[in-house]
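The values are calculated or read from the model by the stated rules, or taken from the named source; none is laboratory data. These figures come from a predicted structure and were not determined experimentally. Cβ placement follows ideal geometry from the backbone for every residue including glycine, while neighbour counts extend to all protein chains displayed. For the accessible areas, the whole protein counts, side chains as well, though only heavy atoms, and no ligand, DNA or RNA atoms are used. Shrake-Rupley method; radii C 1.70, N 1.55, O 1.52, S 1.80 Å.
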Amino acid sequence: MAYTDLQSLLREMLVIREFEETADKLTLRGKVPGGMHNSSGQEAVAVGVMSALAADDVIATTHRSHHHTLAKGFTPNEIMAELFTKATGVSKGRGASMHLGDFKRGHFGGNGIVGAGVGIAMGAAMGIHQRGDKNVSVGFVGDGGLNTGRTWESLNMAVIYKLPFILVVDNNQYAVETFVGRVTGGNDPAKRASGFGLPSFNIDGNDVLEVQKYTAEARERAVAGEGPTFINALTYRYNGHNVGERGQYRTQEEIADWREHKDPIDRFTAYLLSTGDMSQADLDSMKASVHAEIEAAVAFAESSPEPDLSTLTDGVDSGLLGAK
Amino acid sequence: MEEVFVPALGMAMDNAVLLEWLKNPGDPVAAGDVIAVIETDKTTLDLTAETGGVLGKHRYQPNDEVPVGNTISVVLAPGEVE
Ligand SMILES: Cc1ncc(C[n+]2csc(CCOP(=O)(O)OP(=O)(O)O)c2C)c(N)n1
Ligand SMILES: [Mg+2]
């Protein structure tokens with residue numbers, strides 16, 4: 001994904017939304033082994049952050065990672081195929097929804113352990129620092145991960161070594177069925193983080209340009225040797241924690257309020273139409289091309305082969321010890 | 001035409017058992033109406049219509065095992081045929 005202009009930000013958010021809603025239906029049909037976590041509603045966090053990064057900057061993410069991965073520049077084809085655990089998937093069908101990644105492209109993976117992406121990304125920042133590269137590493141965590149020790153241990157380490165690190169809280173306000181305000185002492189993540197001695201911000205995670213701006217400034221500081229930044233981006237998850245969840249921990253009114261009045265795609269669409277950066281005709285053709293791209297990704301995943309049995313032990317070790 | 005199907009809800013769920021039909025072929029159906037009740041390895045579940053219309057054929061009978069993802073009936077909009 002090259003973020004060349006404002007329209008490209010909107011297009012990528014549309015790709016993520018259509019990817020998620022399509023994959024959600026396929027999961028209910030039993031096509032996605034292991035299931036998935038839908039990120040609909042959280043597009044602006046992913047696209048805002050990635051559009052402020054260089055292509056060779058590093059990210060590490062969470063169990064809810066399709067949006068981060070697509071926004072980082074991975075194609076719907078390779079991600080959909082991975083959800084189907086096909087050989088053409090980004091992790092060669094070994095990873096499924098929760099283990100998307102490719103070290104060579106600066107994606108150090110999603111994973112199923114709440115908070116782990118922060119530690120992994122902090123380690124990557126340490127590597128960047130050691131080598132003296134002009135890059136940053138971004139660790140994503142959910143609001144649930146705000147109350148995990150690893151998050152704060154990693155942040156402290158990044159502060160004392162002035163690492164080129166950005167911690168982004170993809171704060172969708174719920175950890176499964178637990179509301180963030182009920183379990184977060186102080187109820188002010190940026191204030192909590194600032195106690196560690198770094199620039200810390202609570203921002204509107206449904207405003208793609210605001211997310212982009214705070215990330216770009218954090219990146220500038222990091223590359224200049226000024227150390228890490230903490231960004232808590234407030235957003236909302238429209239669907240259940242995982243596909244198939246039938247939760248009753250929040251009201252339909254609450255969900256409808258976010259969907260109808262605070263949607264990141266609707267807001268940015270209205271903005272681009274009002275400034276004249278996009279015409280209605282641009283929007284219509286963009287939507288059609290996104291739709292075709294996701295349809296093609298499903299066809300690609302459906303028609304791709306399963307991993308061949310002969311490749312069973314591939315990737316189990318580095319190969320450096322002499323094993324195949 | 002809306003397909004009413006057995007959703008994959010758990011990590012290791014392969015089949016469900018159809019317990020009961022609450023609507024018959026030709027019955028009018030409103031969005032939110034419970035069409036059938038199924039049982040999975042963890043729970044019983046109401047399958048509801050998302051749209052309104054008329055119910056199509058029963059593709060399974062009570063006590064049948066239904067593979068996850070399979071369609072058990074359809075809700076037909078006016079003018080649609082199965
Ligand atoms: C260390 C750890 N504890 C508990 C879990 C179980 N678990 C999986 S997802 C989740 C909620 C995470 O919520 P949040 O961090 O807000 O991310 P979100 O799902 O909202 O994206 C929990 C508790 C886990 N995977 N890892
Ligand atoms: Mg959350």
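By the equivalent-ellipsoid construction on the alpha carbon gyration tensor, segment A:109-149 comes out with semi-axes of 22, 9, 8 Å, ordered largest to smallest. Volume of the convex hull of chain B (Cα atoms only), normalised per residue: 76 Å³.
When the Kirkwood radius is taken over all Cα pairs of segment A:199-297, what Stokes-Einstein diffusion coefficient follows at 20 °C and 1.002 mPa s, in µm²/s? Could you put the intermediate results ahead of the total?
Working: Rh = 16.6 Å.
Answer, rounded: 129 µm²/s.
So, with +1 on the Cβ of K and R and -1 on the Cβ of D and E, and no other charges, what is the size of the charge dipole of segment A:122-280 about its Cα centre, to the nearest 20 debye?
560 debye
Note on the protein assembly as shown: with charges restricted to the Cβ of Lys and Arg (+1) and Asp and Glu (-1), its dipole about the Cα centre is near 1480 debye. A:Lys287 contributes an accessible area of around 110 Å² to the protein surface, as traced by a 1.4 Å probe with all chains present. Across peptide B:68-79, the mean count of Cβ atoms from other chains lying within 10 Å of each residue's own Cβ comes to 1. Per-residue mean of foreign Cβ neighbours for A:31-37 is 2 (Cβ atoms of other chains, 10 Å radius). Accessible surface of A:Glu293, taken over heavy atoms with a 1.4 Å probe and every protein chain present, rounds to 60 Å².
A viscosity of 0.692 mPa s and a temperature of 37 °C, combined with the Kirkwood radius over C-alpha pairs in the Stokes-Einstein formula, give segment A:128-246 a diffusion coefficient of 221 µm²/s. Straight distance only, please: which lysines reach the Cα of A:Lys31 with their own Cα at less than 23 Å, same-chain residues fewer than 8 apart left out? Leaving aside lysines fewer than 8 places away in the same chain, those within reach of A:Lys31 are A:Lys86, A:Lys92, B:Lys42. Of the beta bridges in chain A, as assigned by DSSP with both residues counted there, near 10 percent are antiparallel.
Calculate log10 I(q)/I(0) of chain A for q = 0.11, 0.12, 0.16 Å⁻¹, where I(q) comes from the Debye formula with a single equal point scatterer on each Cα and nothing for solvent. Calculated log10 I(q)/I(0) at the listed q: -0.68, -0.81, -1.42.
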